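> Take this structure, written in structure tokens, and hold onto it; I'll ask about it next.
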Amino acid sequence: MLHPHDDSHAYRFCPRCGGPLERRMLKATEPVRPVCTRCGFVFYIDPKIAVGTIIQSQSGRIVLVRRAIEPGYGKWVFPGGYVDRGEPLTSAALREAREECGLDVRVNIYSYAGRAPVIVVYAATATGGTLCVDDESLEVLEWETSTIPWDDLAFRSTHEGLRDYLNGARHPIPA
């Protein structure tokens with residue numbers, strides 16, 4: 001069964017020569033990969049990296065934004081998004097927090113082990129800024145941990161990341 005973000009089946013032609021791709025098992029320990037039947041190019045479809053920030057506000061609440069885009073329109077998430085090519089992960093986390101909810105944050109590393117895309121979640125503390133929304137968010141709210149809308153979270157990674165964070169799974173960045 002394909003993961004919703006696995007679009008490897010959508011590629012039909014070689015990006016090098018335009019020849020048809022077929023799925024082949026190259027090594028027993030690896031997934032089936034698209035291979036060009038004309039030039040032999042192996043099309044490695046690498047995962048996209050995403051970052052998220054579980055932000056504790058200065059009042060001790062958790063900051064969540066309600067999505068204004070699909071997937072998950074109208075559902076709650078912690079601020080996050082895809083890392084741009086060449087952008088350091090921490091810089092992407094700081095940027096996404098600023099863009100999606102208007103806060104400046106201090107981050108700790110928290111790795112979320114999931115499927116494609118690879119999601120790195122940071123435990124963050126608000127250090128400044130003013131809560132606001134951008135074009136990807138309908139609203140932003142601070143939640144007491146006892147009132148987090150568990151049944152209205154957008155993604156499995158949001159649910160599991162928040163659950164693990166609240167259970168103490170935080171890994172500080174070494175000085």
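The values are calculated or read from the model by the stated rules, or taken from the named source; none is laboratory data. Bear in mind that the values here come from a model prediction, so they are computed numbers and not experimental data. Reconstructed Cβ throughout: ideal geometry from the backbone, glycine too, with neighbour counts over all protein chains shown. Just the protein is used for accessible areas: all its heavy atoms, side chains included, with ligands, DNA and RNA removed. Shrake-Rupley method; radii C 1.70, N 1.55, O 1.52, S 1.80 Å.
> Under 6 Å between Cβ atoms, which residue pairs at least 6 apart in sequence (or on different chains) link something in the stretch 89-118 that is closer than 19 Å to Asp134 by Cβ and modelled with pLDDT of 90 or more with a partner that is open to solvent by 40 Å² or more (accessible area, probe 1.4 Å) and assigned to a strand (DSSP E or B)?
What qualifies is Gly102/Gly129; Leu103/Gly129; Asp104/Thr127; Asp104/Gly129.
> I need the full set of residues from the stretch 64-79 which are surrounded by 19 or more Cβ atoms within 10 Å (Cβ to Cβ) and not basic (Lys, Arg), in order please.
Leu64, Val65, Trp76, Val77, Phe78, Pro79
> Just checking, which of Leu138, Leu166, Leu162 is open to solvent by less than 50 Å² (accessible area, probe 1.4 Å) and either at pLDDT below 90 or within 19 Å of the chain's Cα centre (by Cα) (or both)?
Leu162
> Oh, and also: All but one of (1) without any contact (Cβ under 8 Å) to a residue 40 or more places away in the chain; (2) outside any strand (DSSP E or B) hold for Gly74, so report the exception by its number.
Failed condition: (1).
> Sticking with this one: Those residues that are within 18 Å of the chain's Cα centre (by Cα) and either under 14 Å from Ala93 (Cβ atoms) or open to solvent by 70 Å² or more (accessible area, probe 1.4 Å) (or both), I need them from the stretch 115-135; list them, please.
Arg115, Val118, Ile119, Val120, Val121, Tyr122, Ala123, Ala124, Asp135
> Tell me whether the stretch 47-61 contains one or more residues that are open to solvent by 80 Å² or more (accessible area, probe 1.4 Å) and more than 27 Å from Thr145 (Cβ to Cβ).
Checking the stretch 47-61: at least one residue is open to solvent by 80 Å² or more (accessible area, probe 1.4 Å) and more than 27 Å from Thr145 (Cβ to Cβ).
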